[in-house]
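Encoded as structure tokens, the structure appears first; notes follow it.
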Amino acid sequence: MKFAVLVAILAEDLEEQAIDSAKQAGAGGVTILDGRGIGTKEKKTFFGLTYEGSQSVLVFVLEKKLSVKVLKQLTKDLDLNSHSKGVVFTIPLEHIAGIDTAQVQKFESQIKDEL
């Protein structure tokens, strides 16, 4: 079985919607990190203080085919192609240890259902 890491870097206000969307597409657990970004646009200032919006970094370890399905679902549900409120990408995994066996069984079951 091949695995991939799906990373979603999103505006913090999209975090819950993204998690719900990913779970509906078949994702299980997620690791959530807080982040800040520096974009190409000028930052907003208020009385000399610069405002930088908070970002959430969602990290999923998924079966490879499932990662593509979740990526497509997130792109659609969060309308990422028309609004630049985030980016979603996958990275192939070569080696993995410590993944929950129940999660592996869930991935196997999903693959069998698709066949």
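Things worth noting here:
- The C-beta contact set for the stretch 78-106 (first residue of a type in the set (S, T, N, Q), second residue assigned to a strand (DSSP E or B), distance under 6 angstrom, 6+ apart or interchain) comprises T90/A4; T90/L6.
To keep it simple, each residue is scored yes or no on (1) aliphatic (A, V, I, L, M); (2) surrounded by 15 or more Cβ atoms within 10 Å (Cβ to Cβ); (3) not in a loop (DSSP other than H, G, I, E, B).
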{"residue": "D79", "(1), (2), (3)": "no, no, no"}
{"residue": "S82", "(1), (2), (3)": "no, no, no"}
{"residue": "V87", "(1), (2), (3)": "yes, no, yes"}
{"residue": "I91", "(1), (2), (3)": "yes, no, yes"}
{"residue": "I96", "(1), (2), (3)": "yes, no, no"}
{"residue": "Q105", "(1), (2), (3)": "no, no, yes"}
{"residue": "E108", "(1), (2), (3)": "no, no, yes"}
{"residue": "D113", "(1), (2), (3)": "no, no, yes"}
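- If you go through the stretch 10-40 and pick out every residue that is farther than 20 Å from T90 by Cβ, hydroxyl-bearing (S, T, Y) and in contact (Cβ under 8 Å) with a residue 24 or more places away in the chain, you end up with 0.
Bear in mind that the values in this text are calculations on the coordinates, not laboratory data. Source: prediction; values computed, not measured. Every residue, glycine as well, gets a Cβ built from its backbone with ideal geometry; the counts of neighbours run over all protein chains shown.
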